[in-house]
Every structure is written in structure tokens, then in C-alpha cells.
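Novice: First the structure, which I've put down as C-alpha cells, then a few questions once you've had a look.
The values are calculated or read from the model by the stated rules, or taken from the named source; none is laboratory data. Note that the structure is a prediction, hence the values are computed from the model and not measured. Neighbour counts are summed over all protein chains in view; Cβ atoms, including those assigned to glycine, are modelled from backbone coordinates with ideal geometry. Only protein heavy atoms, including side chains, enter the accessible area calculation; ligands, DNA and RNA are left aside. Shrake-Rupley method; radii C 1.70, N 1.55, O 1.52, S 1.80 Å.
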Amino acid sequence: MSEQVRIIEMGPRDGLQNEKTAVGVEARIAFVEALVAAGLDTVEVGAFVSPKAIPQMVGSDEVLRGVGRLPGEFHVLVPNEKGYDAARAAGAEVVSVFAAASEGFSRANINCSIAESIERFKPVMARAKADGVRVRGYISCVLGCPFDGEIKPKAVAGVAKTLWEVGCYEVSLGDTIGVGTPTKAREMLRAVGTEVPIAHLAMHFHDTYGQALANLYAGLEEGARVIDSAAGGLGGCPYAPGATGNVATEDVVYMLEGMGVRTGVDMAKLVAATNEIAGLLGRPPVSRVVNALNAKRSSGR
Ligand code: HMG
Ligand code: MG
């Protein structure tokens, strides 16, 4: 596989939003700096959501301002116009709205139905268009929901079609609770691909059941070329019971480079960034590649 694959780094947002230890603004800025220095040029750095819902993302305005001078593209989540206003005031040029493929998760996460969430996004889309701001759209629970169970590929395709039609430049497909397997991931991508060109789809797979890399591989075979991942395998959503981290960026980079895809990521610098944040969080990274490289380094091999 010789084509380019784009990695969107989730560590500072999805990675930290569910941590018991809230990481301060300075450390979040330093984390983004380290990720950019490692060659990750697109990083989701925060969320303009209710501070009651996600206190870990308080200060996202300061983080966004703090990284503004760095070379790179910085994304932030916005659930509504209030979030959009705050994101723009902090200089956001790319924002992400987030919907779900299941009614149960939509209600738990953003306190409204799927249809209502789209209505909330419409004024954000209109404002963004007028401001020249690009909008990415997420869909959660594309391979299963903690509340509603199995999710039909057709249901995902329907929401993707709507996000695409309202003007999202890319639709990121979230296996929020990491229950998917490669065959299901493939079927889902094929269904969504009938509504949104595959070049405009991203794979956002959590690794709860250890299937994320296999699911990504299946997606790459289908032609998908955008991957959301988090340094060290950080991540999770407080409204997705049982969910663990995103697929680890190191594991994705290792797989892609092994397949002959150049990622432009400096693995040693990335592992150093992950070790630094893991130290702050007080627990070791879950990434297999990070742990293998740390063990190799400490044994001097
Ligand atoms: P609501 O209670 O329905 O909203 O929450 P509301 O409009 O009635 O407002 C309630 C309060 O929130 C008010 O404050 C508002 O001012 C405030 P109060 O009067 O009670 O003091 N508020 C806000 N504050 C800051 N920023 C805002 C904002 N909007 C309202 N933008 C709402 C609806 C969407 C706001 C809430 O449910 C919320 O913030 N949810 C966030 C959930 C979230 O961030 N989840 C994690 C990210 S999604 C994810 O991780 C999945 C993903 O990774 C993909 C995947 O893995 O599947 C993307
Ligand atoms: Mg996620």
C-alpha cells in the first residue's frame, strides 16, 4: 500500500476527557507540542462542551490559543452554537460536531435525539460556512451501542448521509465501545461508502476488545485512508460504559510503516510524548508498541 494515510491524533481530547486526573492547561499544551514535534500534524486538542459534562476539557480555549503558533491543524469538538462561539473566540479553524448512530447513546451523550442533534448542528454549519471554518462530523456507536445493542450498517449510513449533506467535509466513524470485528467494520464501511465517498470517511476505533488494528486493516482494504488514534492508546467516553481507549497511535504507525506506508511520525519522539503524559496520569500506557519499545530500551537491547 503506497498511498498516503492521514492520522488524526486524538490524545489531548478523547485521550484525556475520561481520565480521573484532570490534566492542566500547561501540560496539555506541552503534550500537543510534543505530538506535533513527533510529526503528527493534525491534533484534536479540546472540546467546547458543558464543563459539568466533561470537566477534563475545561480550559480548551487556553489550550487552543496556546498551540496556535505551532505548525499544524488543530481540531476541537463543538456540540452546539454556544460551543462554536467559544471555539471561534479561541481561534478555531476546524471544528467537529458529534452525532450518534443510536438513539440511546445520543440521549446519554448530548441529551437529545439524533434528529434533534442534526437540527442543533445546522446553525453551526451555516455559521462555519460563512466564517470559512471546516466542520468534521463524528458518528458514535457505529459498530454497537452500550444502550441499544446491535447497530445496523444502514442506520450508520443514514446519519453519515445527513452529516455529509449538511456540509461536513469528513465523517469519522466511531466504534465508541470497541466491540466491532473486521467483517462488521467492512460491512459498515461498505454501507456508509454508498452515501459518502470513501475518501471522506475516517475510522475512529476504540480498542476495548483488542480488535481495533484488525478493523483498521479491513477498512484500509476497503479504501479508507483516514485514521483517528490516540498516543499510548489513551481515551474513552464517560457516556460509554465499559469503553476503553482509542487505538494507539504508536500501534497504528508501526502497522502502517510495516506495510510500506510512510507516516512521517518519529516513533521515538512519540513514545517520549506518551511516556510523559502517562507519568502525569500515574499509569503505564496500554499501547503494545510503547511497552515493547520501553522494555527494549530499559534492557539496553
Ligand atoms: P443540555 O443539558 O441538553 O444543554 O446538554 P443545555 O443547552 O440545556 O445547557 C445546559 C447547561 O450546559 C447550561 O449551563 C449551558 O449554558 C451549558 P447551566 O445553565 O446549567 O449552568 N452549555 C454549555 N457549556 C459550555 N459549552 C457548551 C455548552 N452548551 C450548553 N457548548 C450538551 C447538552 C451537548 C451541552 C451536553 O450534553 C454536553 O456538553 N455533552 C458533552 C458530551 C461529550 O463531550 N462527550 C464526549 C465527547 S463525544 C465522544 O467522545 C465520542 C467520539 O470520540 C467518537 C466516538 O468515540 O464514538 C467523538
Ligand atoms: Mg472516541
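Novice: Mean residue ellipticity at 222 nm from the helices of the chain, using -39,500 (n - 2.57) per DSSP H segment of n ≥ 4 over the full residue count, to the nearest 500 deg cm²/dmol?
Specialist: Values: 11 runs with 130 residues, N = 301.
Roughly -13500 deg cm²/dmol at 222 nm, from the helical runs in the chain.
Novice: While we're on this one: Distance between Cα centroids, region 102-148 to region 14-77: provide it in whole Å.
Specialist: 21 Å
Novice: In this model, which of Lys20/Lys269; Lys20/Lys154; Lys129/Lys154; Lys20/Lys82; Lys20/Lys122; Lys20/Lys152 are farther than 31 Å apart at the alpha-carbon?
Specialist: Details: Lys20/Lys269 26 Å; Lys20/Lys154 36 Å; Lys129/Lys154 28 Å; Lys20/Lys82 26 Å; Lys20/Lys122 33 Å; Lys20/Lys152 33 Å.
Result: Lys20/Lys154; Lys20/Lys122; Lys20/Lys152 exceed 31 Å.
Novice: For the chain, can you list the cysteines whose C-beta has no other cysteine C-beta under 4.7 Å from it?
Specialist: Cys112, Cys168, Cys237
Novice: Using 0.36 nm per residue, how much length does the chain from Val58 to Lys296 gain when fully extended, once their Cα-Cα distance is taken away?
Specialist: On the way: separation 238, 0.36 × 238 = 85.68 nm, distance 3.70 nm.
Extra length available between Val58 and Lys296 comes to 82.0 nm.
Novice: Also, I was wondering about something else. Just to verify a number: FRET efficiency for Lys152 and Glu119, C-beta to C-beta distance, R0 = 30 Å, to 0.05? Don't skip to the answer; put the middle values down first.
Specialist: On the way: r = 23 Å, r/R0 = 0.76.
Once rounded, the FRET efficiency stands at 0.85.
Novice: Kindly give Rg over Rh for region 118-241, based on alpha-carbon atoms, with the Kirkwood expression for the hydrodynamic radius.
Specialist: Details: Rg = 14.2 Å, Rh = 14.7 Å.
Here Rg/Rh amounts to 0.97.
Novice: Go through 20-27, 245-252, 130-137, 285-292 and give me the packing order, highest mean Cβ count within 10 Å leading.
Specialist: Values: 20-27: 14.0, 245-252: 28.1, 130-137: 17.0, 285-292: 20.2.
Final packing ranking: 245-252, 285-292, 130-137, 20-27.
Novice: Report in % the part of the accessible area of the chain that belongs to carbon and sulfur, leaving out ligands and nucleic acids; probe 1.4 Å.
Specialist: Working: 6530 of 12310 Å².
Taking all protein chains in place, the chain shows 53 percent carbon and sulfur surface.
Novice: Run through region 198-284 and list the trypsin sites (Lys or Arg not before Pro) located in a DSSP loop whose Cβ has at most 10 other Cβ atoms within 10 Å. Please report the intermediate quantities before stating the final value.
Specialist: Details: sites: Arg225, Arg262, Lys269; in loops: Arg225, Arg262.
Filter output for region 198-284: Arg262.
Novice: Identify the residues of region 114-131 with backbone N under 18 Å of a label point that sits 7 angstrom from the Cα of Asp85 along the Cα-to-Cβ direction, or state none.
Specialist: Within reach of a label on Asp85: 120-131.
Novice: With both bridge residues required to lie in the chain, what share of the DSSP beta bridges run antiparallel, to the nearest 5%?
Specialist: Details: 2 of 35 bridges.
If we restrict to bridges inside the chain, about 5 percent are antiparallel.
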